[in-house]
Amino acid sequence: MSDFDLTKAGEAARPMPQLARQGFEVRALKSGLLTGLTWLAALIAAVPLISVMYLLLVKGGSRLFGADFAEVLTGLPPAGFELGGGIGPAIVGTLVMVGIASVISIPIGILAAIYLGVLEPRSRLANTSRFLAKVLTGFPSIMAGVFVYAVLVIHWGYSAWAGGIALAVLMLRTVVLAAEEAIAQVPQRMKDAAYGMGCTRTQVIWKVVLPTGLPGILTGVLLAVAGAAGESAPLLFTALFSNYFISELSEPTASLSILIYNFSGMPFPNQIELAWTASLVLVLIVLMFNILARLIGQPKV
Amino acid sequence: MANLFASAGSASSVSGPPSGGDYAADSIFRGLAWLSAFLIIALTGYILWEILREAFPAMQAYGLGFITGTTWNVNAQQFGVLPEIWGTLYSSLLALFLGGSFGIAIAIFLTQDFLDHRVATVFRTIIEMLAAIPSVVFGLWGIFVLIPLLKPGAEWLHSQFGWFPLFSTDLAGPGMAPAALVLAIMILPTVAAISVDAFRRIPYKVKEAAYGMGTTRWEAILKVMVPTASSGLLAALVLGFGRALGETMALAMLIGNANQISLSLFSPANTLASLLASTFPEAGQLEVQALMYAALVLLVITFIVNVLGLAVQQYTIRKFEGKK
């Protein structure tokens, strides 16, 4: 009896809750405000990229897409007050050094990734190696330059070799980690099926793991190449710079990034214009590899 | 009968046990893979060893005074990197404050259903492209776009609020503010990418539970999603900080390479990495040793920060994968 009364009294005392959404409630307003701020933050974050791209196209494009584009792409860098000139040696130098770095780091990186991903993923060697590859990713890129300076440049002087090896040190970690991730995605069932047919581990890797993981591995490799092409700090005191086309791998070599760095500090408008042009060429090279990586890595349904 | 057995081993048959050649190829290939994995360890060790070896004479000569010293004078053979350590930490902290908050805001924007799936993909690609732009290009952009843009504002702030330590000098050209801003832009993609990962790891039912309790979208984000992702967000910030510490070229172009300690946002400063970049190419033997010591200091700082970040990240991954 008393129980019944109490419930009834409670129901009468408590008003029906307002369950409909209240647009002007403080909570809803706060939520709307924060949503607006997030949109603003996202738009602000896109401004630098748009600004950089716009200026590259306007300032760099005027020379690159102008009448003397052949001279810009193949000519030698101008001296002091000289007009005209180009960035030919730098383009060639960048490509040569990135090539050296790729030849060294890609095979080693993929082999190491095979060890980490397929052969002995849980061994102590694999764990240490994986951890160190991650730590190397956090290393400042200039450290590769300092290292190669200490090992090679002190004895044999500035050269394309030194620059390429410094870039290889940087590419290695990217290739290893990306390739391992791609290899780890290969389903265990496919490997088991191959083992069941009597394949040796090497045959499983060559005939099942690598072909299946290839898109992922290629993506990683291409991103590493893109990164290396844009690097400048490790080249500063390994490849140094040169005003002429590369004729031997054992001499100082020009690169686009160092050309941009050198020319950006010069008081001559011609050089600064060329720095913008070189930036545009560099960004186009880097983005080309990036977009290629994305296209290859896209999951095919 | 004999014919049947003969064909089993011949080349015309599809099946057969691995030949001796297969076994040899297998061991050689596995040996190569082992060697490559070992090479990563050896390389890391070799890098440390070489830098230590080259820095050793300077370590002996200057000791800890190198870290507390404030002058870099080749002729007097006085080397100290306190201003550079200060500049490295100060610029990275400023960048972390800006780039970190924007990076996490963007991660929220991308993962918390603000955008259509396809638009979110496009936006993520834009942020990733930001990461692909080389450091020198940002440096160039900073010199010719950012510094002229900042100058009027900096002048006004200095003239109105000159008593405030952050604005105590004028922006003459390169300085801390443009350097930190560019640094913030450069670490934003790192922070955003790792934060997106952290939010993605949260099972969807967590958000559903929050909405079921009647939270608004932002109450769900701030009171449920962010605390749940907090360790991942921390990892994002620490790794972003690590990236900022080691960034070289853009800073060498924008920070002004001045050997001084100042709180002012508009005064030129220097960082360890840009000290290396700007003095190494023309350094003599003694200075190279001192620079190796400076490289070692930078290495130790970034190593500590990165291992810390990796540990937090690992902890986050375990936390969520353990619960599955």
How do the pairs read when you match residues in region A:22-51 that are at the interface with chain B (Cβ under 7 Å from one of its Cβ atoms) with residues anywhere that are assigned to a loop (DSSP other than H, G, I, E, B) and loosely packed, with under 14 Cβ neighbours inside 10 Å, using Cβ under 9 Å and keeping only pairs 6 or more apart or on different chains?
A:28/A:21; A:28/A:22
Flagged in region B:107-126 as touching a residue at least 24 places away in the same chain (Cβ under 8 Å) and touching a Leu at 6+ places or on another chain (Cβ under 7 Å), in numbering order, are B:124
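With respect to residue A:255, determine if the residue is surrounded by fewer than 24 Cβ atoms within 10 Å (Cβ to Cβ) and under 22 Å from residue B:282 (Cβ atoms).
Details: surrounded by fewer than 24 Cβ atoms within 10 Å (Cβ to Cβ): no; under 22 Å from residue B:282 (Cβ atoms): yes.
Answer is no for this residue.
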Hey, does region B:115-125 have a residue that's crowded, with 21+ Cβ neighbours inside 10 Å and under 23 Å from the mean Cα position of the chain (by Cα)?
no
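Being at pLDDT 90 or above, of a type in the set (Gly, Ala, Ser) and surrounded by 10 or more Cβ atoms within 10 Å (Cβ to Cβ): is that true of residue B:9 here? Can you show your working first?
On the way: at pLDDT 90 or above: no; of a type in the set (Gly, Ala, Ser): yes; surrounded by 10 or more Cβ atoms within 10 Å (Cβ to Cβ): yes.
No, not satisfied.
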Can you pull out the residues in region B:260-285 that are under 19 Å from residue B:94 (Cα atoms) and of a type in the set (S, T, N, Q)?
B:260, B:262, B:264, B:267, B:270, B:271, B:274
Within region A:256-292, residues being more than 10 Å from every other protein chain (Cβ to nearest Cβ) and farther than 17 Å from residue A:82 by Cβ number 4
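Taking residue B:251, is it within 25 Å of residue A:157 (Cα to Cα) and either in contact (Cβ under 8 Å) with a residue 24 or more places away in the chain or surrounded by 22 or more Cβ atoms within 10 Å (Cβ to Cβ) (or both)? It would help to see each step written out before you state the result.
On the way: within 25 Å of residue A:157 (Cα to Cα): no; either in contact (Cβ under 8 Å) with a residue 24 or more places away in the chain or surrounded by 22 or more Cβ atoms within 10 Å (Cβ to Cβ) (or both): yes.
Against the criterion (within 25 Å of residue A:157 (Cα to Cα) and either in contact (Cβ under 8 Å) with a residue 24 or more places away in the chain or surrounded by 22 or more Cβ atoms within 10 Å (Cβ to Cβ) (or both)), residue B:251 does not qualify.
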If you go through A:52, A:26, A:58, A:47, the only one that is over 33 Å from the mean Cα position of the chain (by Cα) and of a type in the set (A, V, I, L, M, F, W, C) is A:26
Test set (1) of a type outside the set (Lys, Arg); (2) within 12 Å of chain B (Cβ to nearest Cβ); (3) under 22 Å from residue B:279 (Cβ atoms) - residue A:175 fails condition number
(3)
Of all the helices (runs of 4 or more DSSP H) wholly in region A:201-301, which have at least 3 residues that are within 23 Å of the chain's Cα centre (by Cα)?
A:210-230, A:256-264, A:269-297
In region B:293-324, the residues that are modelled with pLDDT of 85 or more and of a type in the set (Phe, Trp, Tyr)
B:293, B:303, B:315
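Can you pull out the residues in region B:226-252 that are out of contact with any Ser or Thr (no Cβ under 7 Å at 6 or more places or on another chain) and within 13 Å of another protein chain (Cβ to nearest Cβ)? First the steps, then the outcome.
Start the filter on region B:226-252 by keeping residues that are out of contact with any Ser or Thr (no Cβ under 7 Å at 6 or more places or on another chain), which leaves B:226-230, B:234, B:237-238.
The answer is B:226, B:238.
Residue-by-condition table, conditions (1) more than 26 Å from residue B:314 (Cα to Cα); (2) more than 9 Å from chain A (Cβ to nearest Cβ); (3) modelled with pLDDT under 90; (4) part of a helix (DSSP H, G or I):
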position: B:182; (1), (2), (3), (4): yes, no, no, yes
position: B:191; (1), (2), (3), (4): no, yes, no, yes
position: B:199; (1), (2), (3), (4): no, yes, no, yes
position: B:214; (1), (2), (3), (4): yes, no, yes, no
position: B:224; (1), (2), (3), (4): no, yes, no, yes
Selection from region A:123-149 of residues more than 7 Å from chain B (Cβ to nearest Cβ), in contact (Cβ under 8 Å) with a residue 12 or more places away in the chain and either outside any helix (DSSP H, G or I) or touching a strand residue (DSSP E or B) at 6+ places or on another chain (Cβ under 9 Å) (or both) yields none
For region B:60-73, give me each residue that is surrounded by 14 or more Cβ atoms within 10 Å (Cβ to Cβ) and closer than 17 Å to residue B:295 by Cβ.
B:61, B:62, B:66, B:67, B:69, B:72
(1) more than 23 Å from residue B:38 (Cα to Cα); (2) touching a Lys or Arg at 6+ places or on another chain (Cβ under 9 Å); (3) not aromatic (Phe, Trp, Tyr) all hold for residue A:177 apart from (1)
If we scan region A:216-231, do we find a residue that is over 24 Å from residue A:144 (Cβ atoms) and more than 12 Å from every other protein chain (Cβ to nearest Cβ)?
yes
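Condition test on residue B:136, is it within 30 Å of residue A:42 (Cβ to Cβ), crowded, with 20+ Cβ neighbours inside 10 Å and under 24 Å from the mean Cα position of the chain (by Cα)?
Working: within 30 Å of residue A:42 (Cβ to Cβ): yes; crowded, with 20+ Cβ neighbours inside 10 Å: yes; under 24 Å from the mean Cα position of the chain (by Cα): yes.
When the stated conditions are applied, residue B:136 passes them.
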If we keep only residues of region A:111-139 that are hydroxyl-bearing (Ser, Thr, Tyr) and over 11 Å from residue A:183 (Cα atoms), then the residue farthest from the chain's Cα centre (by Cα) is A:123
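Is it the case that some residue within region A:150-163 is within 11 Å of another protein chain (Cβ to nearest Cβ) and not in a helix (DSSP H, G or I)?
Restricting attention to region A:150-163, the residues satisfying the condition of being within 11 Å of another protein chain (Cβ to nearest Cβ) are A:150-154, A:158.
So of that shortlist, the ones also not in a helix (DSSP H, G or I) come out as A:158.
Checked against the condition, which is being within 11 Å of another protein chain (Cβ to nearest Cβ) and not in a helix (DSSP H, G or I), region A:150-163 yields at least one hit.
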Every residue from region B:106-119 that is in contact with a helix residue (DSSP H, G or I) (Cβ under 8 Å, 6 or more places away or on another chain), hydrophobic (A, V, I, L, M, F, W, C) and more than 16 Å from residue A:44 (Cα to Cα):
B:114, B:115
Determine whether residue A:198 is farther than 25 Å from residue A:104 by Cα and either surrounded by fewer than 19 Cβ atoms within 10 Å (Cβ to Cβ) or of a type outside the set (Ser, Thr, Tyr) (or both).
yes
In region A:133-157, residue surrounded by the most Cβ atoms within 10 Å (Cβ to Cβ) [restricted to those that are more than 20 Å from residue A:103 (Cβ to Cβ) and among the hydroxyl-bearing types (Ser, Thr, Tyr)]
A:149
Among residues belonging to region B:158-168 that are touching a residue at least 40 places away in the same chain (Cβ under 8 Å) and assigned to a helix (DSSP H, G or I), point out the one that is farthest from residue A:44 (Cα to Cα).
B:165
Report whether or not residue B:135 is small (Gly, Ala, Ser), in contact (Cβ under 8 Å) with a residue 40 or more places away in the chain and within 7 Å of chain A (Cβ to nearest Cβ).
yes
Residue B:171 vs (1) in contact (Cβ under 8 Å) with a residue 60 or more places away in the chain; (2) not in a loop (DSSP other than H, G, I, E, B): all pass except (2)
Report, by residue number, each residue of region B:282-322 that is over 17 Å from residue B:49 (Cα atoms), surrounded by fewer than 22 Cβ atoms within 10 Å (Cβ to Cβ) and either of a type in the set (Lys, Arg) or facing chain A (nearest Cβ under 8 Å) (or both).
B:305, B:307, B:310, B:318, B:319
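The values are calculated or read from the model by the stated rules, or taken from the named source; none is laboratory data. Quantities reported herein were computed from a predicted structural model and do not represent experimental measurements. Counting neighbours? That spans all protein chains shown, and the Cβs are built from the backbone with ideal geometry, glycine included.
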